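Participant: Below is one structure. I have some questions about it.
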Amino acid sequence: MSDPSPQAASDVESDGVASGPPLHQALGLTDEEFAQIGELLGRGPNDLELAMYSVMWSEHCSYKSSRIHLRRFPTEAPWVLVGPGENAGVIDVGDGIAVALRIESHNHPSAIEPYQGAATGIGGIVRDIFTMGARPIALMDPLRFGPLDDARSRWIAEGVVSGVSGYGNSVGIPTVGGEVVFDETYAENPLVNVFCLGILPTERLVLAKASGEGNLAVLLGNSTGRDGIGGVSVLASAEFAEGDEEKRPSVQVGDPFEEKRLIEATLALLDAGLVVGIQDLGGAGLTCATSETASNAGMGMDVDVSAIPQREPNMSAVEVLTSESQERMLAIVEPVHLDEVLTITDAWEVRASAIGTVTTGGLLRVFDEEGGELLAEVPAATLHEDAPLYRRPLAPPDDLEARWTREPGGTPSGDSDVTGDQSDALLAMMMDTSWVYSQYDHQLYLNTVVGPGGDATVLRLRDPRSGADTGRGLGLSADGNHRWCASDPERGAAMVVCESVLNLAAVGARPLALVNCLNFGNPEHPEVMWQLSGAIDGMSEACRVMDLPVVGGNVSLYNSSGGRDIDPTPVVTTLGMIDDLSAVPPGMALSDGDTVVVLGSFVDGLAGSRWAWDQGLKGGRVPEPNLAMVRVLADLVRSLVAEGLVTATHDVSEGGLALALAEMASAGGIGLEVDADSDSSLADTVSGWFGEAAGRMVVTVDTEHLGQVLGRAESVGISTVVAGEAGGFNLRLGATVTVEVDVLQGNWRSRLPGALASGNLAE
């Protein structure tokens with residue numbers, strides 16, 4: 001085979017002298033990485049091989065900056081069937097039923113092309129799920145945008161919401177929850193995280209392995225085009241800069257109707273036992289799918305470029321092998337079963353083409369046609385197993401101690417004595433996100449028992465073989481908080497896990513597994529790596545205390561623009577089990593006459609709180625969460641819900657106790673008047689009402705069960721405060737907040753639709 005030296009990436013000048021950087025640099029590879037490739041091959045790579053290494057060694061595909069840290073997550077438990085490293089984590093939930101779950105990011109593509117960036121993010125996460133043999137049954141979308149008063153941020157938000165709804169509704173999978181956050185830190189770099197849940201009989205579980213010499217690599221689904229070429233290296237592995245709108249060709253274009261056919265065809269193939277292994281085509285396209293399936297089985301693969309259906313003329317081998325065109329799968333099939341495979345794919349109108357053959361020896365070889373010219377020849381394992389592993393420098397900010405000792409409330413001894421009317425501050429925090437989730441169909445399959453808008457989603461668990469109701473339910477919660485993590489990445493990430501576990505407790509679910517999406521800035525900045533490492537430590541410790549395995553996730557780095565990194569934003573989605581779903585879990589709405597009880601201990605402090613940041617006060621350090629106490633609290637609330645002893649539940653997190661009570665009052669249209677003083681856990685101060693320390697929940701109880709609830713809490717060491725009886729038309733919190741309920745509701749419901757869907761586009 002030919003072995004040309006890498007060419008210049010830029011155009012050749014008329015005198016024949018190349019201008020611009022060498023090709024490897026233009027493709028995002030460093031000089032050291034280029035040299036490493038040469039050592040692995042024992043020669044210089046040609047242009048195709050270089051392109052294959054560039055996409056596979058990109059930050060997005062190789063996790064070269066984060067792998068050494070991710071190893072610290074707890075990943076094992078008796079109920080974990082598949083942990084990190086596969087397309088999705090898989091959990092055994094009993095009775096021969098398994099659940100697959102996965103979270104991904106599509107941040108950079110969504111900033112460039114909001115609709116298609118979000119839409120193809122949905123398409124990719126769905127393929128991760130049915131690749132495992134699971135039928136996708138639910139989507140969630142934690143979203144973060146710039147401020148609502150910024151026209152471009154509104155344009156991105158509207159485009160992303162349209163993309164999520166357009167693809168999810170069309171492919172027929174309900175979007176059942178998520179988050180929507182608007183903040184200055186995401187003004188130039190939105191975060192579009194997407195989660196998918198699937199269900200499968202345990203016997204249908206399949207992995208991404210190309211085993212069996214002579215077996216065929218069969219490409220299913222869409223033809224290959226020039227959309228998405230180099231997407232992982234161009235978009236996800238570099239900072240944004242001026243002119244990045246020119247990278248629109250790197251954003252994939254989705255076709256949800258093709259995806260729907262592909263889902264059904266793939267599951268039919270798996271049910272028929274016709275597939276040895278299978279892998280979706282996402283980041284790095286065919287290069288990733290062929291190399292990973294081959295190396296996972298210790299095999300090699302020969303690929304015929306001419307056999308790959310191409311939707312555009314004159315595509316080069318580089319374009320074909322690195323395209324990230326959507327709605328494609330790679331199935332490994334025994335030759336004797338090829339006709340049966342084609343019968344099923346034809347029935348679903350899904351294109352199927354044998355494009356390669358599994359070989360021994362571990363080499364990935366690319367030919368221009370069968371028996372034709374050898375275009376590339378590399379050890380398959382080197383494309384991902386030998387990707388560079390960086391132990392990047394990490395260091396806290398120089399002014400960390402000063403930040404932590406500067407009290408956000410402005411008092412040198414603490415902030416517990418900050419007082420004054422804060423009604424307007426509370427109203428500014430109120431935002432009902434139903435305008436967003438009303439764009440989504442969240443009742444498809446009729447499994448959604450508790451939909452978007454509450455602490456957690458609840459889905460009815462049906463047997464994937466018969467469709468019969470098992471009488472059990474699945475809880476899902478998506479959570480993140482950049483303010484906590486900016487204050488202290490380790491404590492903040494632990495608090496995020498606490499919030500997610502308490503949200504599940506609010507619907508009576510015990511946590512089973514967690515997946516995370518770690519959204520951080522430029523890893524070449526030591527402070528960013530310090531944030532990432534600290535967040536992983538905090539999340540790991542919280543998960544260990546909660547007996548909560550991390551079964552997968554995604555790392556999204558280079559979330560930066562103009563040299564400015566976003567605030568650290570680890571997002572978690574936690575799966576829980578409800579053993580008895582004979583009754584619908586309580587919501588958060590106050591009911592007239594019920595007693596409002598605050599469970600958990602008050603911890604003074606405003607650091608990292610929504611109130612403090614809204615005032616421009618970003619000093620202080622978030623309180624260290626008492627993880628053991630949070631677990632006890634979660635267990636208590638879960639049992640109270642399961643036994644029907646509470647009529648409403650709501651966790652205390654962003655906005656503190658004030659916002660929790662305001663949301664409950666708004667949901668029920670019922671008021672509450674609370675008398676508080678400094679001698680109780682309901683201290684009548686800004687910190688008392690707006691502090692966000694982990695470990696408190698609000699429940700409402702009828703008169704008959706009040707004594708039992710208080711006694712149960714006392715027996716396990718959980719503090720209680722009876723806040724008052726729901727009723728009337730006002731929310732009064734001591735002397736700090738007084739607002740009419742109809743004003744709360746009006747502000748809550750109107751803020752988001754009043755800002756979005758306005759037709760304001762970025763200039």
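Participant: Determine whether residue 557 is crowded, with 24+ Cβ neighbours inside 10 Å, touching a helix residue (DSSP H, G or I) at 6+ places or on another chain (Cβ under 8 Å) and within 15 Å of residue 65 (Cα to Cα).
Facilitator: It is true that residue 557 is crowded, with 24+ Cβ neighbours inside 10 Å, touching a helix residue (DSSP H, G or I) at 6+ places or on another chain (Cβ under 8 Å) and within 15 Å of residue 65 (Cα to Cα).
Participant: Residue check: is residue 634 touching a strand residue (DSSP E or B) at 6+ places or on another chain (Cβ under 9 Å), of a type in the set (A, V, I, L, M), surrounded by 24 or more Cβ atoms within 10 Å (Cβ to Cβ) and modelled with pLDDT of 95 or more?
Facilitator: It is true that residue 634 is touching a strand residue (DSSP E or B) at 6+ places or on another chain (Cβ under 9 Å), of a type in the set (A, V, I, L, M), surrounded by 24 or more Cβ atoms within 10 Å (Cβ to Cβ) and modelled with pLDDT of 95 or more.
Participant: Any idea which of (1) surrounded by fewer than 22 Cβ atoms within 10 Å (Cβ to Cβ); (2) under 22 Å from residue 456 (Cβ atoms); (3) not hydrophobic (A, V, I, L, M, F, W, C) is the one residue 673 doesn't satisfy?
Facilitator: For residue 673, the exception is condition (2).
Participant: Next question, about the same structure. Might you check whether a residue that is part of a helix (DSSP H, G or I), on the phi < 0 side of the Ramachandran plot and crowded, with 24+ Cβ neighbours inside 10 Å occurs anywhere in the stretch 196-215?
Facilitator: No: zero hits.
Participant: Give me a count of the residues in the stretch 180-217 that are under 26 Å from residue 83 (Cα atoms) and at pLDDT 95 or above.
Facilitator: 13
Participant: I'd like the residue in the stretch 270-287 that is assigned to a loop (DSSP other than H, G, I, E, B) and in contact with a helix residue (DSSP H, G or I) (Cβ under 6 Å, 6 or more places away or on another chain) and, out of all such residues, is surrounded by the fewest Cβ atoms within 10 Å (Cβ to Cβ).
Facilitator: By that ranking, first place goes to 274.
Participant: Could I ask something else about it? It is to be established whether one or more residues within the stretch 75-98 are under 15 Å from the mean Cα position of the chain (by Cα) and β-branched (Val, Ile, Thr).
Facilitator: There is no residue in the stretch 75-98 that is under 15 Å from the mean Cα position of the chain (by Cα) and β-branched (Val, Ile, Thr).
Participant: Pairs only if they're at least six apart or on different chains, beta carbon under 8 angstrom, first in the stretch 542-567 and closer than 10 Å to residue 521 by Cβ and assigned to a loop (DSSP other than H, G, I, E, B), second aromatic (Phe, Trp, Tyr) and at pLDDT 95 or above; list them, first residue then second.
Facilitator: 557/520; 559/520; 566/186; 566/520
Participant: Separate question: Just give me the residues in the stretch 725-747 being assigned to a strand (DSSP E or B) and acidic (Asp, Glu), in sequence order.
Facilitator: Listed by number, the residues that qualify are 725, 740.
Participant: Could you pull out the residue among 507, 515 that is under 13 Å from residue 74 (Cα atoms) and at pLDDT 95 or above?
Facilitator: Of the residues listed, the single one that is under 13 Å from residue 74 (Cα atoms) and at pLDDT 95 or above is 515.
Participant: Applying the selection to the stretch 390-407, what residues are more than 11 Å from residue 527 (Cα to Cα), within 31 Å of the chain's Cα centre (by Cα) and assigned to a helix (DSSP H, G or I)?
Facilitator: Within the stretch 390-407, 403, 404 qualify.
Participant: If you don't mind, another one. Go through (1) over 22 Å from residue 316 (Cβ atoms); (2) in contact (Cβ under 8 Å) with a residue 40 or more places away in the chain one by one and return the number of the condition residue 346 breaks.
Facilitator: (2)
Participant: Also: Have a look at 369, 334 and point out the one that is at pLDDT below 95 and more than 32 Å from the chain's Cα centre (by Cα).
Facilitator: 369
Table: residues versus (1) more than 30 Å from residue 613 (Cβ to Cβ); (2) at pLDDT 95 or above; (3) of a type in the set (Gly, Ala, Ser); (4) part of a strand (DSSP E or B).
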| residue | (1), (2), (3), (4) |
| --- | --- |
| 427 | no, yes, no, no |
| 441 | yes, no, no, no |
| 460 | yes, yes, no, yes |
| 470 | yes, yes, no, yes |
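Participant: I need the full set of residues from the stretch 443-458 which are buried (at least 24 other Cβ atoms within 10 Å of the Cβ) and either touching a Lys or Arg at 6+ places or on another chain (Cβ under 8 Å) or not in a strand (DSSP E or B) (or both), in order please.
Facilitator: 455, 456 - these are the residues of the stretch 443-458 that are buried (at least 24 other Cβ atoms within 10 Å of the Cβ) and either touching a Lys or Arg at 6+ places or on another chain (Cβ under 8 Å) or not in a strand (DSSP E or B) (or both).
Participant: Specify the residue that is surrounded by the most Cβ atoms within 10 Å (Cβ to Cβ); the eligible residues are those in the stretch 703-738 that are under 17 Å from residue 589 (Cβ atoms) and touching a residue at least 60 places away in the same chain (Cβ under 8 Å).
Facilitator: 731
Participant: Of all residues in the stretch 616-631, which are among the aliphatic types (A, V, I, L, M), modelled with pLDDT of 95 or more and surrounded by fewer than 24 Cβ atoms within 10 Å (Cβ to Cβ)?
Facilitator: Of everything in the stretch 616-631, those that are among the aliphatic types (A, V, I, L, M), modelled with pLDDT of 95 or more and surrounded by fewer than 24 Cβ atoms within 10 Å (Cβ to Cβ) turn out to be 627, 628, 629.
The values are calculated or read from the model by the stated rules, or taken from the named source; none is laboratory data. This is a predicted model, so every value here is computed, not measured. So basically every Cβ, Gly included, is an ideal-geometry build from the backbone, and we count neighbours across all protein chains shown.
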